Amino acid sequence: MTARILVVDDIPANVKLLEARLIAEYFDVLTADNGRDALDICERTQVDVVLLDIMMPGMDGFEVCERLKASPRTAHIPVVMVTALDQPSDRVRGLKAGADDFLTKPVNDLQLISRVKSLVRLKTLTDELRIRADTAQSIGIDDTLRLSDGRLEEAGQVLLVDSRGSSQERIIKTLKPIAVVTAMSDPQAAVFDAAENPYDLVIVNGNLDDYDPLRLCSQLRSLERTRFIPILLITEHGDDQMIVRALDLGVNDYIVRPLDPNELVARTLTQIRRKRFNDRLRHSVTQTIELAVTDGLTGLHNRRYLDSHLKMLFTRAQARGKSLSVCITDIDRFKHVNDTYGHDAGDEVLKEFAMRVRSTVRGADLACRYGGEEFVVVMPDTAAEVAALIAERLRSIIESKPFVLKSAGITLEITASMGIATAGRGIETPEQLLKQADQALYQAKRDGRNRVVAAAA
């Protein structure tokens with residue numbers, strides 16, 4: 001797992017120690033010896049996780065964390081406070097400042113690396129949502145994140161899985177001011193309950209009777225309906241192996257016994273708010289983008305979306321040295337269909353054509369209606385030879401079965417011509433890539449239609 005980690009500490013020996021541990025795990029490491037430099041680095045450079053000391057001259061770690069979380073450019077960066085402070089009040093203060101975790105020096109290597117990897121995975125998911133939000137804003141949808149924040153402050157819905165009645169009572173009492181807690185003793189029943197109800201957090205006692213708590217966590221992560229529910233694991237002091245395995249399985253956070261009520265509340269609030277924010281972002285982006293960038297007739301993405309998203313795919317392919325192929329397809333003699341049978345029949349052909357495109361392309365491919373009877377399929381990480389095979393498969397599927405026109409009461413033999421192009425030498429923009437594919441399409445038309453032509457490399 002590659003990621004960029006910023007280590008902030010005013011003691012050079014501490015910086016060198018953390019840097020060596022992280023480099024050994026193949027992380028890219030940046031360093032800063034004061035808060036202002038750390039803030040500057042985060043503002044101008046992509047940072048995936050910040051490891052932040054608290055006791056620093058000038059600006060302490062609490063203030064640095066608060067400033068990071070207050071800025072829209074850096075609020076999404078996970079922060080782990082790494083410090084010699086070991087009082088519960090210090091942990092609570094750090095969590096309230098926006099920190100994701102609080103590790104006490106000397107730091108356990110396994111916990112540190114596992115925590116960093118866990119937060120990198122979390123940030124990757126959040127970044128994907130943010131990229132989609134940026135796409136929405138770039139095409140004129142600028143209200144994606146401007147929804148009411150009211151629900152973020154509502155009492156949370158928490159599922160507590162704990163086989164001990166006394167423990168259940170204490171946790172319910174502690175969380176009562178901020179959450180409605182449903183307590184269950186049966187882990188299997190809890191899984192079904194979590195899948196059927198809109199919980200904001202699942203708290204799992206690491207000492208379940210006759211059941212492996214990590215298996216429960218794994219089940220929650222594997223089910224579609226519970227995949228995005230945060231999990232908070234309660235563990236015993238010194239149970240490092242369970243913590244490491246839990247973080248690897250996708251557990252979001254953990255708290256060590258004896259439970260400090262304030263820390264439990266702080267960690268619970270952090271997870272609830274993050275869950276609701278990501279849910280809101282996910283829903284808003286999906287809903288808004290689909291309304292604005294979906295072709296109303298065929299249900300495919302429209303040209304507006306293609307123009308924006310292809311730029312991102314093209315830039316990513318260049319940065320990673322990966323292939324990117326494009327196929328432009330055009331329905332042969334479509335004007336004849338409209339002129340002979342009417343535009344309703346033409347619309348039926350377009351809808352059926354889009355269905356066959358959708359059924360043919362792979363999950364990672366992007367299918368769009370380019371305009372009129374033209375369609376575009378963008379194929380990330382796809383070499384020219386593979387793109388040609390995919391295009392030929394699509395051409396064959398279009399040709400293989402007649403199109404049924406209910407409005408006209410007839411069937412038609414429909415074919416399509418296709419031009420493909422692959423990013424490579426001489427192609428510096430997505431527009432050039434599309435132009436090459438378009439030229440190949442016209443060549444297919446000139447050569448007799450119903451064929452695939454690849455642009456010259």
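Listed values, structure above:
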quantity	calculated
Criterion: over 30 Å from the mean Cα position of the chain (by Cα), aromatic (Phe, Trp, Tyr) and either at pLDDT 95 or above or in a loop (DSSP other than H, G, I, E, B) (or both) - qualifying residue of Tyr211, Tyr199	Tyr211
Filtered residues of region 423-433 (kept if over 17 Å from Lys311 (Cβ atoms) and either modelled with pLDDT of 95 or more or surrounded by 15 or more Cβ atoms within 10 Å (Cβ to Cβ) (or both))	Gly424
Residues being crowded, with 18+ Cβ neighbours inside 10 Å, assigned to a helix (DSSP H, G or I) and in contact with an Asp or Glu (Cβ under 8 Å, 6 or more places away or on another chain) - total across region 253-277	5
Residue in region 140-161 that is assigned to a helix (DSSP H, G or I) and modelled with pLDDT of 85 or more present	no
Matching residues, region 8-30, being closer than 17 Å to Leu119 by Cβ and in contact (Cβ under 8 Å) with a residue 40 or more places away in the chain	Val8, Leu18, Arg21, Leu22, Glu25, Phe27
Test: residue in region 240-257 that is under 18 Å from Arg273 (Cβ atoms), modelled with pLDDT of 95 or more and either of a type in the set (A, V, I, L, M) or in contact with a Phe, Trp or Tyr (Cβ under 9 Å, 6 or more places away or on another chain) (or both)	no
Qualifying positions in region 348-402 - free of Cβ contacts under 8 Å to residues at least 12 places away in the same chain and in a loop (DSSP other than H, G, I, E, B)	Gly363, Lys401
Among residues of region 68-82, those that are crowded, with 17+ Cβ neighbours inside 10 Å, out of contact with any Phe, Trp or Tyr (no Cβ under 8 Å at 6 or more places or on another chain) and among the aliphatic types (A, V, I, L, M), counted	4
Candidate set from region 311-337 (those that are outside any loop (DSSP other than H, G, I, E, B) and polar (S, T, N, Q)); member that is modelled with the lowest pLDDT	Gln318
Arg449, sole failed condition from (1) assigned to a loop (DSSP other than H, G, I, E, B); (2) touching a helix residue (DSSP H, G or I) at 6+ places or on another chain (Cβ under 9 Å); (3) surrounded by fewer than 20 Cβ atoms within 10 Å (Cβ to Cβ)	(2)
Single match in Asn338, Asn302 (criterion: touching a helix residue (DSSP H, G or I) at 6+ places or on another chain (Cβ under 8 Å) and free of Cβ contacts under 8 Å to residues at least 12 places away in the same chain)	Asn338
Only listed residue being under 23 Å from Val378 (Cα atoms), among the hydrophobic types (A, V, I, L, M, F, W, C), in contact with a Phe, Trp or Tyr (Cβ under 6 Å, 6 or more places away or on another chain) and in contact (Cβ under 8 Å) with a residue 24 or more places away in the chain, chosen from Ile414, Ile420	Ile414
Residues satisfying the stated conditions in region 230-252, i.e. in contact (Cβ under 8 Å) with a residue 12 or more places away in the chain, part of a loop (DSSP other than H, G, I, E, B) and surrounded by fewer than 21 Cβ atoms within 10 Å (Cβ to Cβ)	Glu236, His237, Asp239, Gly250
Check on Ile5, touching a residue at least 60 places away in the same chain (Cβ under 8 Å), within 27 Å of the chain's Cα centre (by Cα) and not in a helix (DSSP H, G or I)	yes
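Quick grid of which residues meet (1) closer than 23 Å to Asp253 by Cα; (2) surrounded by fewer than 18 Cβ atoms within 10 Å (Cβ to Cβ); (3) in contact (Cβ under 8 Å) with a residue 60 or more places away in the chain:
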residue	(1), (2), (3)
Ala32	no, no, no
Leu39	no, no, no
Thr45	no, yes, no
Met56	no, no, no
Glu66	yes, yes, no
Ala84	yes, yes, no
Val92	yes, no, yes
Ile113	yes, no, yes
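Yes or no, residue by residue, for (1) buried (at least 20 other Cβ atoms within 10 Å of the Cβ); (2) of a type in the set (D, E, K, R); (3) under 29 Å from Met312 (Cβ atoms); (4) in contact with a helix residue (DSSP H, G or I) (Cβ under 6 Å, 6 or more places away or on another chain):
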{"position": "Val377", "(1), (2), (3), (4)": "yes, no, yes, no"}
{"position": "Leu389", "(1), (2), (3), (4)": "no, no, yes, no"}
{"position": "Leu394", "(1), (2), (3), (4)": "yes, no, yes, yes"}
{"position": "Ile397", "(1), (2), (3), (4)": "no, no, yes, yes"}
{"position": "Pro402", "(1), (2), (3), (4)": "no, no, no, no"}
{"position": "Lys406", "(1), (2), (3), (4)": "no, yes, no, no"}
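Residues are listed down the side, and each one gets a yes or a no for (1) at pLDDT 90 or above; (2) among the β-branched types (Val, Ile, Thr); (3) farther than 29 Å from Asn262 by Cβ:
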position: Glu43; (1), (2), (3): yes, no, yes
position: Val49; (1), (2), (3): yes, yes, no
position: Lys69; (1), (2), (3): yes, no, no
position: Pro88; (1), (2), (3): no, no, no
position: Leu95; (1), (2), (3): no, no, no
position: Asp101; (1), (2), (3): no, no, no
position: Lys105; (1), (2), (3): no, no, no
position: Gln111; (1), (2), (3): no, no, no
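The values are calculated or read from the model by the stated rules, or taken from the named source; none is laboratory data. Just so you know, these numbers come straight off a predicted model, no measurement behind them. FYI the Cβ positions are ideal-geometry reconstructions off the backbone, even for glycines, and counts take in every protein chain you see.
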